[in-house]
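S.K.: Mind looking over this structure? Questions follow.
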Amino acid sequence: MNTRTTRTTRTLAVALSLTAALAISGCSSDDKDAATGSGAATTGSGAEPELTVSGGYMPAPVNDKMAGAFMVIKNGSKTADKLTGVTSPLSDDLQIHETKDQKMQQVRSMDVPANGELKLERGGNHVMFMGLKSTPKVGDKVTVELRFEKSGPLEVELDVKERTYKAPHSSDH
């Protein structure tokens, strides 16, 4: 095999491994990530949704092909909203993925219920970075901008954690 074929095969194997890991890791019903940690941001006033983002992190990617991002978006108002997009200087292609029956699929939006929360967590719904411009290392911070149907955009810093990192369990969920 030539070097390009070997690299393509290796990249495909890593991509498939990461996809499988994202789809099956932490799928148990009592794996509820805590809404704590750095990366907190808020928006909202009056009748519009009051959103808070916390616990944001990205496991250190294995290469520059793809990475996942996880966080909790809490809505403290009586007005529901929708996460409709994510942007970042790290990638020109960020996708919102839902996981159903252990299968990932890209979706246009996700509900952020009134007086509720949207959990983006391992083994569940998440943000996917495709085609990274660089490969962040543990300890780095990655900036993302979350866009919503009703609320203004939120800028959030994600902590880059070890690949095996799992957010702590919350005692109030």
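S.K.: Quick check on my filter: what residues within the range 81-123 are among the small types (G, A, S), in contact with an Asp or Glu (Cβ under 9 Å, 6 or more places away or on another chain) and farther than 23 Å from K150 by Cα?
M.R.: The answer is G123, and nothing else.
S.K.: Do the conditions hold for T87, that is, is it within 12 Å of the chain's Cα centre (by Cα), among the hydroxyl-bearing types (S, T, Y) and either open to solvent by less than 40 Å² (accessible area, probe 1.4 Å) or under 23 Å from L51 (Cα atoms) (or both)?
M.R.: yes
S.K.: From A47, A35, A114, which residue is at pLDDT 95 or above, open to solvent by 10 Å² or more (accessible area, probe 1.4 Å), out of contact with any Phe, Trp or Tyr (no Cβ under 8 Å at 6 or more places or on another chain) and in a loop (DSSP other than H, G, I, E, B)?
M.R.: The conditions single out A114.
S.K.: Further question: With the condition kept exactly as written, say whether any residue in the range 164-171 is in a strand (DSSP E or B), open to solvent by 40 Å² or more (accessible area, probe 1.4 Å), charged (D, E, K, R) and over 20 Å from A47 (Cβ atoms).
M.R.: no
The values are calculated or read from the model by the stated rules, or taken from the named source; none is laboratory data. Because the structure is a prediction, the values reported are computed rather than measured. We place every Cβ from the backbone using ideal geometry, glycine too, and count neighbours over all the protein chains shown. Only protein heavy atoms, including side chains, enter the accessible area calculation; ligands, DNA and RNA are left aside. Shrake-Rupley method; radii C 1.70, N 1.55, O 1.52, S 1.80 Å.
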